[in-house]
Amino acid sequence: MTYHIVLSRPTDLPTIRRQATQGLNPRHSMAALADSLGATVHDGSGLEPSRFDRIIGALTRTKPLWWAIARKVRREMGPNDAIFCTGEDIGIPVAALCGGRRGAHVAIMAHYIDRPKGLLAIHAFRLRHKVALFFTVAEQQAEFLRRVLKDKAKVQFVWDQTDTQFFSPPATAAVNKRPVIMSVGLEQRDYGTLASATSDLDVDVRISGHSLDTRVITRAFPPTMPANMTRRFYPWPELQQLYQLADIVVVSLFPNNYAAGVQAFMEALASGKPVVVSGTAGLTPYFSGTTARVVPPGDAASMRESIVELLASPDIRATMGQEAVEVARHRFSLERYTSDLSRAIEGLRER
């Protein structure tokens, strides 16, 4: 059995790997998985979609490059090979063209598949028969797949990961002129609630979130940013420093049933920071075993109460930070994640 890892876009893993050794960015989990499995990585680099790719892309409202990648994998795979796809975006074309062909075993990491187009793809491309194993980092997505596929053995929940070597506690605690509240990301983010919770507090609210998509920005942020709230893009080293500087990390989310916000949550824990997080259905399993303050989505009063309580209690913040680091290292490490995936993918040969 030969192993293949399929990414949805060109990704310079060698450069990411080299820069990670220099402390310039986190390690990439797919580089680690490729090392563990001895896998070939397919990311579409240098591929030019054909007329067929463009036509089927238009018909299915998917990217032609994904079909070009899938055709390349089909040409290069051997009998009984295992193919791991990093998302349902690229996984569906790969499964459609490669699933079951020459005994291939296709595995897909499903992120947000419980929506109409995901359900349609499952039936239209007969994924129940063409996909050997679905992984997901969100229990709500796992429940959906178990229900639709009617085969629990084909669905495996795995904890998501972060690089706990890159995101780590500061050597010495930061001393800020006034408290720093930070937040990261744009996906399903509700910074309007965070603004309402903190606009009249004597704190600096710093957000790392940048997008050229005005619809994303409009939904995520309030019409007028409070005077104590700033937003900009933080490169990896600066983001690492911001986590270490922060007094509290807030992950403010709209209700959703996939794992939106999980990266910020895990990075904050790994950095040894107390976390206030919106209690969405998609993140629910991640709160277990942590001391994070979980508040209802959209509830500015509860968010404010938690922030004020933590700011007034440095001993509680310190204890939460220590416990957060232990949870992150035990549950959310890159090493644990790649070990879980490697073991499951290697096990496909027995199916």
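Summary of values
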{"item": "For M225, distant residues with modelled amide H under 5 Å away", "result": "none"}
{"item": "Mean accessible surface per residue for the chain, computed with a 1.4 Å probe while every protein chain stays in place, in Å²", "result": "45"}
{"item": "Amide H contacts under 5 Å for G100, placed H, 5+ residues apart", "result": "V106"}
{"item": "Whole-number D in µm²/s for segment 222-351 (Stokes-Einstein; Kirkwood sum over Cα pairs; 10 °C, 1.306 mPa s)", "result": "98"}
{"item": "Computed lengthening from M1 to A301, 0.36 nm per intervening residue step minus Cα-Cα distance", "result": "102.5 nm"}
{"item": "Percent carbon-and-sulfur accessible area, segment 6-71, ignoring ligands, DNA and RNA, probe 1.4 Å", "result": "53"}
{"item": "Between 0 and 90°, nearest 10: helix 314-331 axis offset from the chain longest Cα axis", "result": "10"}
{"item": "Candidate residues H111, H28: accessible-area rank, largest first, probe 1.4 Å", "result": "H111, H28"}
{"item": "Among 311-319, 71-79, the order from most to least packed when residues are scored by Cβ within 10 Å on average", "result": "71-79, 311-319"}
{"item": "Listed residue pairs exceeding 26 Å between alpha carbons, taken from K117/K273; K72/K150; K72/K152; K117/K152", "result": "K117/K273; K72/K150; K72/K152"}
{"item": "From the C-alpha gyration tensor of the chain, square roots of 5λ in Å", "result": "38, 21, 19"}
{"item": "Ordering of 13-19, 199-205, 92-98 by packing [mean C-beta count within 10 Å, highest first]", "result": "92-98, 199-205, 13-19"}
{"item": "Computed lengthening from R101 to R146, 0.36 nm per intervening residue step minus Cα-Cα distance", "result": "13.8 nm"}
{"item": "Reduced Cα scattering model of segment 155-291, Debye log10 I(q)/I(0), q = 0.09, 0.22 Å⁻¹", "result": "-0.25, -1.52"}
{"item": "Extension reserve of the T291-L212 stretch, reckoned as 0.36 nm per residue once the Cα distance is removed", "result": "24.9 nm"}
{"item": "Packing-based ranking, highest mean first, of 152-164, 258-270, 44-56 given that Cβ atoms within 10 Å are counted", "result": "258-270, 152-164, 44-56"}
{"item": "Estimated vicinal HN-Hα couplings, Hz - segment 290-298 in sequence order (Karplus 6.51, -1.76, 1.60; Gly, Pro = x)", "result": "10, 9, 4, 7, 9, 10, x, x, x"}
{"item": "Other-chain or far-sequence residues with amide H under 5 Å of Q156's (modelled H)", "result": "F134, F135, T136"}
{"item": "Helix 236-245 axis, angle to the chain major axis (alpha carbon atoms, nearest 10°)", "result": "40"}
{"item": "Karplus (6.51, -1.76, 1.60) ³J(HN,Hα), θ = phi - 60°, over segment 95-108, in Hz, Gly and Pro reported as x", "result": "5, 4, 9, 10, x, x, 6, 6, x, 5, 10, 9, 10, 10"}
{"item": "³J(HN,Hα), Karplus 6.51/-1.76/1.60, whole Hz, each residue of segment 28-34, x for Gly, Pro", "result": "9, 4, 6, 5, 5, 5, 4"}
{"item": "Kirkwood Rh (inverse of mean 1/r, distinct Cα pairs), segment 278-326, angstrom", "result": "11.7"}
{"item": "Global form of segment 70-199, assessed from the alpha-carbon gyration tensor, a/c cut-off 1.5", "result": "prolate"}
{"item": "In Å², nearest 10: area of Y337 left accessible to a 1.4 Å probe", "result": "20"}
{"item": "Relative contact order (%) - the chain, alpha-carbon pairs under 8 angstrom, separation at least six", "result": "16"}
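The values are calculated or read from the model by the stated rules, or taken from the named source; none is laboratory data. Here the structure is a predicted model, which means the values were calculated and not measured. Neighbour counts run over all protein chains shown; Cβ positions are idealised from the backbone, glycine included. These accessible areas exclude ligands, DNA and RNA; they are computed on the full protein's heavy atoms, side chains included. Shrake-Rupley method; radii C 1.70, N 1.55, O 1.52, S 1.80 Å.
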